[in-house]
Amino acid sequence: MDHETSDDIKRHFDEVAKGLRAEMGALAVGLRGEIQDLRRNSDVVAEGLRAEIRDVKRHSDVVADGLRTDIRDVKRHSDVVAESLRGEIRLVAEGVAGLDQKFTMEFVKVREEIGEVKTLLQVSYGDLGRRVQALEGKHPSG
């Protein structure tokens, strides 16, 4: 190969290399720009996410406060109902105790009356027994 052809090939490669360098430089500039855009966009997205997280936290705080208030209200209401039930249970217990006393007194009276009737029956049967014996003595069996 002669020197002139060699120089032509070298110039051709230099031009191709120069063109490739230019294209690679343009690509690098474009990539840097896209990377910067991505960074800016990621910062915007990150800030948006942070804002949404703050909003969600605020909302959850409001909901939690509402739940705490509702729980306090339900507890207060259940305390009132429980106290009312305690009062009603006391009244029922007092009524049962009163009935127990009343029944006990009535049972004592009934037992006394049964005892009196039993005594009267024993006296009456004793009296009847003597009369029967007296009648049997007057009329010999036979």
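Here are the numbers:
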{"read-out": "Carbon plus sulfur fraction of accessible area for the chain, probe 1.4 Å, in percent", "value": "62"}
{"read-out": "Cα-centred dipole magnitude for the range 1-118, charges only on beta-carbon of K, R (+1) and D, E (-1), debye, nearest 20", "value": "680"}
{"read-out": "Residue (of Gln101, Gly33, Phe13) at the positive-pole extreme of the chain, dipole from beta-carbon charges", "value": "Gln101"}
{"read-out": "Surface accessible to a 1.4 Å probe, per residue, for the residues of the chain, Å²", "value": "93"}
{"read-out": "Among Leu27, Leu85, Leu99: highest mean-square fluctuation, GNM of the chain, C-alpha pairs under 10 Å", "value": "Leu27"}
{"read-out": "Estimated vicinal HN-Hα couplings, Hz - the range 119-124 in sequence order (Karplus 6.51, -1.76, 1.60; Gly, Pro = x)", "value": "4, 4, 5, 5, 5, 5"}
{"read-out": "In Å², nearest 10: area of Arg130 left accessible to a 1.4 Å probe", "value": "140"}
{"read-out": "Probe 1.4 Å - accessible area at Glu52, Å² to nearest ten", "value": "120"}
{"read-out": "Vicinal HN-Hα couplings computed from phi for the range 21-29 (Karplus, 6.51 cos²θ - 1.76 cosθ + 1.60; Hz; Gly/Pro x)", "value": "4, 5, 5, 5, x, 5, 4, 4, 4"}
{"read-out": "Reference-scaled alpha-carbon Rg (2.2 N^0.38 Å with N residues) for the chain", "value": "4.01"}
{"read-out": "Within-14-Å neighbourhood charge of Arg40 [Cβ basis; K, R +1; D, E -1]", "value": "-2"}
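The values are calculated or read from the model by the stated rules, or taken from the named source; none is laboratory data. These numbers were taken from a predicted model, which means no experiment stands behind them. Positions of Cβ are generated from backbone atoms using ideal geometry, with glycine treated the same way; all protein chains shown enter the neighbour counts. Areas reflect the complete protein model, heavy atoms only, side chains present, ligands, DNA and RNA absent. Shrake-Rupley method; radii C 1.70, N 1.55, O 1.52, S 1.80 Å.
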